Structure formats: structure tokens, C-alpha cells
Amino acid sequence: MIFPDFGTESVPVVLPTADPSLSGESALLRAEKAEFEAVFGAALEVHEPGPVDGPRWELVIEPDRDGPAVLDWSPQDRVLTSRAADAGGLMRSFQLVHTMARTRSTREVDVPCASIQDAVDQTVAEVGAAFPGLELRGLDWPEICAEHAKGVVEADDPLAAAQRWMARLQDAHTKIDPAVRPTPLPYVVSVRDGEAWFVRVPEGTPAHEAGVRPGERIISLNGASGPELARLIQDCCSRTAAPRHMRSLLAGRRLLAVQEAISMTAAGAEWMEDGGCDPVELIEWRRLASDTGYVRLKIWQGEVAQGFDAALAELSGCDRLVLDLRGNVGGNLMLATGARDRFLRETTHLGWSRFSDGRGGLGPRVALFGEPSPERRWPGRLVVLIDPLTYSSSEDFLLGLQGLEHVTVVGRPSGGGSGRARSLRLLPDWMLTVSTALTYDRTGHCVENNGIPVDVPVCSDGPGHAQDDPAIRAALTS
């Protein structure tokens, strides 16, 4: 049975008077409303602030509020109310919608659990009710919980035990992390058989300045070497939740994430890393040839939208654009889909999505469409370079472009996780994220756990600068 049940086919969502833009996030609410429609079993209509009669979802900002965000349901009035001190708090209240659907309570509060046992119990319930990837991967959640849940409570390091538990789900969005996460270093590292190998070493980084190049092995990490380093690498792998084809690279990213300065040794060189110096620009561009432009985009955040348009303008005389998304693990969804629309030439069926209903099932299949950008568009061919670290919002960028006549995808399949994660505070210093969607391309291929397929398979994780980069060579002939 649907809960909360508005008893109507369409539910008004009333934006807050104090901040109707939700600090710029109202566009995301409009774009992703299908996530909540699956829970409510009704369409959502986003309304500007003002009186609305009847069943509705009221978003209320109370600047003087001294307390956590809450989600209240009035069965008599059929009114759902999100209350918080600011737009950020309202966004956290949105994460409680699935919880309310599961518990059938009339109030959910954005507060952490009181104990590790409570956190374990909540994780069991939240994943079981909202994670749609179990059947896709052939996983038995009760069996996984029976194997791991008790051990989290009894462990000397409960967080490590909890991360090994979540790693069984093989989904990089569904995990338990510290509230303050370490900073990934700007390298790509592959781990296998207790060893870690550099795959990408950007110019200007401490490792590059020390003489380290791709293909060289990490010999010591913060004093750990030999068997001790092998155990550290294995522990890192066991705590990394990811599809199998992505896991070695994502485990390498986790291995080289820092909260304080560490020492490293490779290829006879020793240097320090503190996470404070990342010379890799969010976006860079240049010409590869007179008819080919090149854009490398590290992550979908910051000022990349302005940079992207500047790149398209400067490269406008090119017939072909090579967009390098290797290592781009995602970021802001609206930035990614806004960039995608620069390459659409007509209203385009992108694929479908299905969202969790918060009660252990999935809502109906929702068709996804894209519209050409009303601003700048790229009229030539597009070649996109991807690898297993091309993930999340980067896959939303690719969804619907892959398969178009003027688009070619080169490299290895993407990570396989565009699944709209929701985040909950488990403990004061633990965060639980849970994927809530399955995404399919227009052929019916499921992106989750599989990734976006490529047109031209090339095993290359280079930075796109070297003349011998096989992915660049393939792009120039595609």
C-alpha cells in the first residue's frame, strides 16, 4: 500500500517563500521528480510559493529554526511538510521520503542513530527497501546481512566492517563512508594481487615531479611495504563497493585518498603527498589537428559549464570534437545533462529509468528525453573517450548520445552506476548512501553494473597528452 497516500493523481510541491530556488537546486527537483513519483504513486507539479489547497507537499524554510530538518505527514489533510532552517536542510529532508514510505510513520527527523546497533538495523532496512540492484546482481540481501551485520557491532573497527558489508553489493553509490571523506589524489592506480600500479600520472603532480610514470609499482605507502603493504591493499579492495570491471581502479582511488600527509615510494623515488596540490584542471582544451578539437573534463562541478562553452567556441572551426571523460567519476547532474544537450540535434529518446518505491519494489518505467540546447550547440562529430572510472553523472551525459549517428564512444565500458543515490546520516561520523534507480539506454541495456558500451574498444587510461595514446589515435580515425 502506498504511504504517504495523497489520494490524488497529481501532487503540488510548493516551493519555500524564503528561497524558492532552493539555492539553485529547484531545477534538480524538477528534473528528478520521478524519484518521488515512484514513492507517492502520483505525478508531481512544482509550484512557486503561495497558497495551495488540498493535498500537497509543502517545503518550508524557517531561518530561526534551531533543530534538524523534519518530514511531517498529516493523514487528515494529506499534506506532507518538509521543514528546515535552510535549503540544504530541505534537501536532507528529501532523503527521508523513502524512509517514511518504509516505516509508515508520520514524522521522520534528520538525526543520526543512537548506537552502532541502531545504525546496522537501519542499514538492513534501508537497503532492503530501496536498493534496486540486488536481483540485477543475483544477490541475497538477508544472506549478506546474516554474514556481516552482527560482525559490524562486534568489530574493533566497526566502520571497516560496515564497508566490507556494503562492498558485497558491488555498487559504488551504495556504501557507508565517514562523514568527512579523505581527499583522492590526482592519480589513477590499479590494484591487483596485493600490488598497486600507476596507470595515470598527471604532469605537475608530486609523483610526476619525482620521476614516476604509468606502469610503475608503488613500493611503499606511508612506511608500509612488502607483506604489510599487500595487506593494506587487500583491505582497501575488500572495502571498495563497485561493479567488478571498475573495482581495481576504484580501489586504487580509495587507496590513494588522504586526510594528512603521507610518504610514497615507487621506481626508486620517494616523495610526500598531502592532497593539497592538484594541478589537474577541471577542464582543458586544445586542437589535436586542424579539424579536431580536444576537451578533457575531470569532474562535473565548479565552473565547467562556462569552460565547456568557452572550449566549444574556441574549437568551433573543427569538424570533430574528442571529449575525454576517462577518470571522470561524476558530479553535478545538471551540469552533465546541460552539456549533453549541446550535442543533441532534435528531441531525442535517451532511454528509461525505474525508481525504487521505498517499499522493496520499483515504480513504472519512465521514458527519458533530451532537448537540444537553446544556447550553444556543437554541429560536428563527437568522439567520447571513457574508461571504468567514467561514472555516475558522466554516464548520464552519455546516455542517449551513445548510438547517435554523429557520436562515437571509444575506450572501455563505463563504471555502471548512474543510480541516483540518496544519503542518510547513520551516526554522527557515518553516512549511508543507497542507489534508488536503474537506468536503461534506448536499446534496453541496463547501465547499472554494466556501464555504457563502447563503439571502439581500446584499453587506454592515458591522460590524452601523449602522442602514443591509443585512445587518441583511435579517436582521430573514428
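The values are calculated or read from the model by the stated rules, or taken from the named source; none is laboratory data. A quick note: this is a predicted structure, and the numbers were derived from the prediction, not measured. Backbone-built Cβ (ideal geometry, glycine too); neighbour counts: all protein chains shown. Note: areas computed on protein heavy atoms with side chains; ligands, DNA, RNA excluded. Shrake-Rupley method; radii C 1.70, N 1.55, O 1.52, S 1.80 Å.
Taking residues in segment 148-177 that are in contact (Cβ under 8 Å) with a residue 60 or more places away in the chain, and partners anywhere that are assigned to a loop (DSSP other than H, G, I, E, B) and open to solvent by 20 Å² or more (accessible area, probe 1.4 Å), the pairs with Cβ atoms closer than 6 Å and at least 6 places apart or on different chains are 163/239; 164/239; 167/239. Going by what's in this entry, would residue 317 be described as modelled with pLDDT under 95 and under 20 Å from the mean Cα position of the chain (by Cα)? For residue 317, the condition - modelled with pLDDT under 95 and under 20 Å from the mean Cα position of the chain (by Cα) - is not met.
When you look at residue 62, is it loosely packed, with under 15 Cβ neighbours inside 10 Å, touching a strand residue (DSSP E or B) at 6+ places or on another chain (Cβ under 8 Å) and among the acidic types (Asp, Glu), yes or no? Yes; evaluated as a whole, the condition is true for this residue. Listed by first and then second residue, the pairs with beta-carbon distance under 8 Å, at least 6 apart or on different chains, first residue in segment 216-237 and free of Cβ contacts under 8 Å to residues at least 60 places away in the same chain and under 15 Å from residue 248 (Cα atoms), second open to solvent by 50 Å² or more (accessible area, probe 1.4 Å) and of a type outside the set (A, V, I, L, M), are 217/195; 217/197; 218/195; 218/197; 230/195; 233/195; 236/254; 237/247. Just one of the listed residues (415, 403, 419) is open to solvent by less than 10 Å² (accessible area, probe 1.4 Å) and more than 22 Å from residue 202 (Cα to Cα), and it is 419. Residues that are part of a helix (DSSP H, G or I) and surrounded by fewer than 18 Cβ atoms within 10 Å (Cβ to Cβ): does segment 283-302 have at least one? No - not one qualifying residue is present in segment 283-302.
Screening residue 325 on (1) farther than 22 Å from residue 456 by Cα; (2) within 17 Å of the chain's Cα centre (by Cα); (3) in contact (Cβ under 8 Å) with a residue 24 or more places away in the chain shows it passes everything except condition (1).
Here is a check on your reading of the model: is residue 403 in contact (Cβ under 8 Å) with a residue 12 or more places away in the chain, touching a Pro at 6+ places or on another chain (Cβ under 8 Å) and not in a strand (DSSP E or B)? It would help to see each step written out before you state the result.
Numbers: in contact (Cβ under 8 Å) with a residue 12 or more places away in the chain: yes; touching a Pro at 6+ places or on another chain (Cβ under 8 Å): no; not in a strand (DSSP E or B): yes.
Here the answer is no, as residue 403 does not meet what is asked.
Comparison of 200, 239, 231 shows that the only residue that is at pLDDT 95 or above, of a type in the set (Lys, Arg) and surrounded by 14 or more Cβ atoms within 10 Å (Cβ to Cβ) is 239. The condition of being in contact with a helix residue (DSSP H, G or I) (Cβ under 8 Å, 6 or more places away or on another chain), farther than 16 Å from residue 25 by Cα, open to solvent by less than 20 Å² (accessible area, probe 1.4 Å) and modelled with pLDDT of 95 or more holds for only one of 69, 84, that being 69.
Do we have residue 251 as assigned to a strand (DSSP E or B), closer than 25 Å to residue 328 by Cβ, among the aliphatic types (A, V, I, L, M) and open to solvent by less than 50 Å² (accessible area, probe 1.4 Å) here? Break it down into steps so the answer makes sense when it comes.
Details: assigned to a strand (DSSP E or B): no; closer than 25 Å to residue 328 by Cβ: yes; among the aliphatic types (A, V, I, L, M): yes; open to solvent by less than 50 Å² (accessible area, probe 1.4 Å): yes.
No.
Evaluate the following for residue 49: is it without any contact (Cβ under 8 Å) to a residue 40 or more places away in the chain and either out of contact with any helix residue (DSSP H, G or I) (no Cβ under 9 Å at 6 or more places or on another chain) or more than 17 Å from residue 165 (Cβ to Cβ) (or both)? Before you say what the answer is, go through the steps one by one.
Details: without any contact (Cβ under 8 Å) to a residue 40 or more places away in the chain: yes; either out of contact with any helix residue (DSSP H, G or I) (no Cβ under 9 Å at 6 or more places or on another chain) or more than 17 Å from residue 165 (Cβ to Cβ) (or both): yes.
Against the criterion (without any contact (Cβ under 8 Å) to a residue 40 or more places away in the chain and either out of contact with any helix residue (DSSP H, G or I) (no Cβ under 9 Å at 6 or more places or on another chain) or more than 17 Å from residue 165 (Cβ to Cβ) (or both)), residue 49 qualifies.
Among the residues of segment 412-437, those that are out of contact with any Phe, Trp or Tyr (no Cβ under 9 Å at 6 or more places or on another chain) and under 23 Å from residue 69 (Cβ atoms) comprise 421, 423, 424, 425, 426, 427, 428, 429, 430, 431, 432, 433. The residue that is farthest from the chain's Cα centre (by Cα), among those in segment 34-51 that are open to solvent by 30 Å² or more (accessible area, probe 1.4 Å) and not acidic (Asp, Glu), is 51. Identify all residues within segment 209-218 that are surrounded by fewer than 20 Cβ atoms within 10 Å (Cβ to Cβ) and more than 26 Å from residue 164 (Cβ to Cβ); write none if there are none. 209, 210, 211, 213, 214, 215, 216, listed by residue number.
Residue check: residue 422 meets all listed conditions (1) modelled with pLDDT under 95; (2) not in a strand (DSSP E or B) but one, namely (2). Close Cβ contacts (under 6 Å, 6 or more residues apart or on different chains) running from residues in segment 380-392 that are in contact (Cβ under 8 Å) with a residue 24 or more places away in the chain to residues that are among the small types (Gly, Ala, Ser) and open to solvent by 10 Å² or more (accessible area, probe 1.4 Å) comprise 383/478; 389/327. Scanning segment 263-274 for any residue that is without any contact (Cβ under 8 Å) to a residue 24 or more places away in the chain and charged (D, E, K, R) turns up at least one such residue. Residues to consider are 261, 179, 224; find the one that is over 29 Å from residue 450 (Cα atoms) and open to solvent by 20 Å² or more (accessible area, probe 1.4 Å). Every option except 261 fails the conditions. Determine whether residue 54 is open to solvent by 20 Å² or more (accessible area, probe 1.4 Å) and under 30 Å from residue 367 (Cβ atoms). For residue 54, the condition - open to solvent by 20 Å² or more (accessible area, probe 1.4 Å) and under 30 Å from residue 367 (Cβ atoms) - is met.
May I ask you to list the residues in segment 330-378 that are acidic (Asp, Glu) and either under 26 Å from residue 126 (Cβ atoms) or part of a strand (DSSP E or B) (or both)?
357
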